[in-house]
Amino acid sequence: MALDPQYMDAIKGFEGYNPDTNGAADYKQYSSGYGTKVQPGDENIPPDQRQAVYDQRFQNSVDQASQSVDAFAPNLPTGVRAALTSLTYNAGPSWQQAGLGQAIKAGDFDKAQQLFLQYNHAGGEVNPGLTARRQQEATWFGGGQTGPQNSAPASPASPAIAPPQSAPPIFPQGAPQPQQAPQPQQAGPSPLNQLPPPMPLQIQFARPHPVDLSRLRAQLAQAPIYART
């Protein structure tokens, strides 16, 4: 039975991708693609076909690793099976003859999870990348996250950094403590706001009076009239 695609993507992320047909040397072999062994004639693979070839080679190698796990301990929980498959693909099946294999056979997955973390050595020394990988794979025992969401190889986890907090100032013993500047008090309501609202302005116009023109007409009638010369 094939692994869940999420686990497959996680293993790809752990291994990283190398398109070079000559591969890169690791502690066991020259590897290309997603950590698979370089094969004779790889240099003749057209560049536009390498991805498909490496994908299929990776799928076949993971299938072989999962078959080895199933033959050793059938019907394992999904996460445990995926973690052991990833370990087998990465380091081989030697774990089956060690304490990890005994714990798996006994169904003691808590102990197996602790022993699993010890497979973080390369060339006889602890490898930070393998340490981070084993820690991530070990979470699969309990149904944890399936792995990184990118294709970069795993790197040691960084501790969480708490946001800095401002420390109180330190003064010599007996020195006068500086006084804090008084905080400005909130201004009270303005006196202008307490005045009554202004009364609306009322404009009055004078009423027109009738004009008596009779007297003016009488005076004009008596005035002498001068002829034009």
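The values are calculated or read from the model by the stated rules, or taken from the named source; none is laboratory data. Just so you know, these numbers come straight off a predicted model, no measurement behind them. Every residue, glycine among them, receives a Cβ derived from its backbone with ideal geometry; neighbour counts consider all protein chains shown.
To keep it simple, each residue is scored yes or no on (1) surrounded by fewer than 20 Cβ atoms within 10 Å (Cβ to Cβ); (2) on the phi < 0 side of the Ramachandran plot.
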residue: Q49; (1), (2): yes, yes
residue: Q56; (1), (2): yes, yes
residue: N60; (1), (2): yes, yes
residue: Q64; (1), (2): yes, yes
residue: F72; (1), (2): yes, yes
residue: V80; (1), (2): no, yes
residue: S86; (1), (2): no, yes
residue: G92; (1), (2): yes, no
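When the residues of region 108-133 are filtered to those that are surrounded by 13 or more Cβ atoms within 10 Å (Cβ to Cβ) and small (G, A, S), the one that is modelled with the lowest pLDDT is A122.
Considering region 104-142, and only residues there that are in contact (Cβ under 8 Å) with a residue 60 or more places away in the chain and closer than 19 Å to Q29 by Cβ, the residue that is farthest from the chain's Cα centre (by Cα) turns out to be G123. Taking region 14-25 as the range and being part of a loop (DSSP other than H, G, I, E, B) and free of Cβ contacts under 8 Å to residues at least 60 places away in the same chain as the test, the residues that pass are P19, D20, T21, N22, G23.
Contact annotation: residue pairs with Cβ atoms under 8 Å, 6 or more positions apart or on different chains, pairing a residue in region 57-77 that is acidic (D, E) and at pLDDT 95 or above with a partner that is surrounded by 15 or more Cβ atoms within 10 Å (Cβ to Cβ) and not in a loop (DSSP other than H, G, I, E, B), are D70/R81.
Whether any residue in region 81-93 is touching a strand residue (DSSP E or B) at 6+ places or on another chain (Cβ under 8 Å), of a type in the set (K, R) and in a helix (DSSP H, G or I) is what I want to check. For region 81-93, residues touching a strand residue (DSSP E or B) at 6+ places or on another chain (Cβ under 8 Å), of a type in the set (K, R) and in a helix (DSSP H, G or I): absent. Residues of region 31-77 that are touching a strand residue (DSSP E or B) at 6+ places or on another chain (Cβ under 8 Å), part of a helix (DSSP H, G or I) and under 30 Å from K105 (Cβ atoms): F58, S61.
Per this entry, Q49 is counted among residues that are over 30 Å from the mean Cα position of the chain (by Cα) and more than 16 Å from A10 (Cα to Cα).
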